[in-house]
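The values are calculated or read from the model by the stated rules, or taken from the named source; none is laboratory data. Source: prediction; values computed, not measured. Because the Cβ atoms are built from the backbone with ideal geometry, glycine has one as well, and the counts that use them run over all protein chains shown. Calculation scope for accessible area: heavy atoms of the full protein, side chains included, ligands and nucleic acids excluded. Shrake-Rupley method; radii C 1.70, N 1.55, O 1.52, S 1.80 Å.
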Amino acid sequence: MQRYFVEQQNNEQNEFIISGENARHISKVMRMSVGDEIIIVHDNTANICEITAIDQEVTAKKTGRTIPSPEMPVKVDIACGLPKGDKLELIAQKATELGMHALVPFAAERSIVKWDDKKAKKNQERLQKIAQEAAEQSHRTHLPEIIQPVSFKQLVQTFVNYDAVFIADEEDAKLAERTSFKQKLQVLDTSQELRILCIFGPEGGISRQESTAMLEAGAQTMSLGPRILRAETAPFYALAAISYEFE
């Protein structure tokens, strides 16, 4: 069954009214008919619904059946120093498939790319669409939010919102002795829902000044092994490790 994320709550008749691109996809692309079933995800719940009307808008009624959530038991936000090219699009797509809760791009000291404020909303909407398509494909019940880029200072100020903040520092990979990421995850208190922030630098990595500032603000390094990973690869490694440890 096709899966669609909707923001508007169902009405008193337990019907969802689907409009815009989702409605066009149902009627024009999938060529569905009244009586067909689809999955509508609202408020982190995947509802199996039956289409009752198709026009400019599509009406779908709840059947009372739902699908269990595949979400990770921890919320993992990914903060990335703005990378070059289409790497942020790749991160938005694949990190969504791997369970990311939100993506926070930030202007790192070594970021070559500068986010054009005039195109900020358009760029954000493009990344959000990529994340939505990935969430539908991977049967997520949570649609990761793509945050507009923040400054390094603004990023550090968000640390208080997390139970743990980890930074991927390539200098850590060069150490002869490292505390494994697994060991750091195992000491976290899982008696409540954890919220974790994982921070990754751009192609040039995190600067010494940034690393010092984040460690002083309560972050800790995470060891992603002895190899130096690309900016777009490191987030996937971390998400896979977290998934393996908690799921």
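In the range 12-37, the residues that are in contact (Cβ under 8 Å) with a residue 12 or more places away in the chain reach residues that are among the small types (Gly, Ala, Ser) and assigned to a strand (DSSP E or B) with C-beta atoms within less than 7 angstrom, at least six apart or across chains, in these pairs: 15/60; 16/60; 18/60; 34/53. Residue 146 - would you say it is buried (at least 20 other Cβ atoms within 10 Å of the Cβ), under 17 Å from the mean Cα position of the chain (by Cα), more than 26 Å from residue 227 (Cβ to Cβ) and of a type in the set (A, V, I, L, M)? Considered against the rule, which asks whether it is buried (at least 20 other Cβ atoms within 10 Å of the Cβ), under 17 Å from the mean Cα position of the chain (by Cα), more than 26 Å from residue 227 (Cβ to Cβ) and of a type in the set (A, V, I, L, M), residue 146 comes out as yes.
Give me the pairs, please: first residue somewhere in the range 221-245 and closer than 13 Å to residue 185 by Cα, second residue anywhere and charged (D, E, K, R) and surrounded by 15 or more Cβ atoms within 10 Å (Cβ to Cβ), beta-carbon distance under 6 Å, and either six or more positions apart or on two chains. Cβ pairs passing all conditions: 221/169; 221/172; 223/172; 223/178.
Please work out if residue 228 is of a type in the set (A, V, I, L, M) and either at pLDDT 95 or above or under 15 Å from residue 165 (Cα atoms) (or both). No. Taking the range 28-55, which residues are touching a Lys or Arg at 6+ places or on another chain (Cβ under 8 Å), closer than 16 Å to residue 5 by Cβ and not β-branched (Val, Ile, Thr)? Matches in the range 28-55: 46, 47, 49. Just wondering, is there one or more residues in the range 159-175 that are surrounded by fewer than 19 Cβ atoms within 10 Å (Cβ to Cβ), of a type in the set (Ser, Thr, Tyr) and assigned to a helix (DSSP H, G or I)? For the range 159-175, residues surrounded by fewer than 19 Cβ atoms within 10 Å (Cβ to Cβ), of a type in the set (Ser, Thr, Tyr) and assigned to a helix (DSSP H, G or I): absent.
Table: residues versus (1) open to solvent by 20 Å² or more (accessible area, probe 1.4 Å); (2) within 22 Å of the chain's Cα centre (by Cα).
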{"site": "151", "(1), (2)": "yes, yes"}
{"site": "191", "(1), (2)": "yes, no"}
{"site": "225", "(1), (2)": "no, no"}
{"site": "247", "(1), (2)": "yes, yes"}
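Assess whether residue 193 counts as being over 26 Å from residue 115 (Cα atoms), touching a residue at least 24 places away in the same chain (Cβ under 8 Å), of a type in the set (Asp, Glu) and assigned to a loop (DSSP other than H, G, I, E, B). Yes. Listed by position, the strands (runs of 3 or more DSSP E) contained in the range 1-103 that have at least 3 residues being open to solvent by 50 Å² or more (accessible area, probe 1.4 Å) are 45-54, 58-67. Inspection of the range 196-211 identifies no residue that is assigned to a helix (DSSP H, G or I), under 17 Å from the mean Cα position of the chain (by Cα) and surrounded by 14 or more Cβ atoms within 10 Å (Cβ to Cβ).
For the range 112-122, taking the residues that are of a type outside the set (Phe, Trp, Tyr) and without any contact (Cβ under 8 Å) to a residue 40 or more places away in the chain, the one that is least open to solvent (accessible area, probe 1.4 Å) is identified as 120. None of 97, 125, 133, 109 is touching a residue at least 60 places away in the same chain (Cβ under 8 Å) and of a type in the set (D, E, K, R) except 109.
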